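Participant: One structure is given below, represented as structure tokens, and several questions about it will come after.
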Amino acid sequence: MVKQFDADGVSFRFPDDWALEREATDGGWTASLQSKETAFLVVTLDRGMPEPERMAEAALEALKSEYVGLEADAAVDMLAGEMAVGHDIEFFSFDLPNTAWTRSLYCGAGTLLVYWQANDLELAAAEPVLRAITGSLKVEE
């Protein structure tokens, strides 16, 4: 079965065995999805409309402060039918290699930041699910 998240013109589908938590923030909200393993995905809406590049860079800087030796490549591609900017990221956490992905874009309600992460032991199983979730993302203008 599949569940759907809808808020402020932002929607995406996710597996029903993933846990969803939604939290209000100053000027927006954050929706967090957690798999049964360690893979997770976070979607954040900022109604203040910061530049997508700024949101993606802020996320990267926060990760760099946490994980020494983090490697990141800038990325630009389409997400929800819109141009999105972000990074493809690799780092070690608890001696395990991790892969992460950020993308940020404008939508009608503000600026979105999408972040997903999985350790590389479960990446082969988790990445297709994470990509399906991000592929189902829709935004209203």
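The values are calculated or read from the model by the stated rules, or taken from the named source; none is laboratory data. Small disclaimer: the values here were computed from a predicted structure and weren't measured. Cβ sites come from the backbone with ideal geometry, for glycine too, and all protein chains shown count toward neighbours. Calculation scope for accessible area: heavy atoms of the full protein, side chains included, ligands and nucleic acids excluded. Shrake-Rupley method; radii C 1.70, N 1.55, O 1.52, S 1.80 Å.
Participant: Just give me the residues in the range 118-141 being surrounded by 14 or more Cβ atoms within 10 Å (Cβ to Cβ) and either touching a Phe, Trp or Tyr at 6+ places or on another chain (Cβ under 6 Å) or among the small types (G, A, S) (or both), in sequence order.
Facilitator: A118, A126, L130, A132, I133, S136, L137
Participant: On to the next question. Looking at the range 39-55, which of its residues are open to solvent by 10 Å² or more (accessible area, probe 1.4 Å) and assigned to a strand (DSSP E or B)?
Facilitator: F40, V42, T44, D46
Participant: Can I ask one more? Are any residues in the range 89-105 open to solvent by 10 Å² or more (accessible area, probe 1.4 Å) and either touching a helix residue (DSSP H, G or I) at 6+ places or on another chain (Cβ under 6 Å) or on the phi > 0 side of the Ramachandran plot (or both), and if so, which ones?
Facilitator: F94, D95, T99 - these are the residues of the range 89-105 that are open to solvent by 10 Å² or more (accessible area, probe 1.4 Å) and either touching a helix residue (DSSP H, G or I) at 6+ places or on another chain (Cβ under 6 Å) or on the phi > 0 side of the Ramachandran plot (or both).
Participant: Shifting gears a bit: From the list K64, K36, which one is closer than 21 Å to P128 by Cβ and open to solvent by 20 Å² or more (accessible area, probe 1.4 Å)?
Facilitator: It is K36.
Participant: Being surrounded by 17 or more Cβ atoms within 10 Å (Cβ to Cβ) and touching a residue at least 60 places away in the same chain (Cβ under 8 Å) narrows it down to one of G86, G110, so name that one.
Facilitator: After applying the criteria, what remains is G110.
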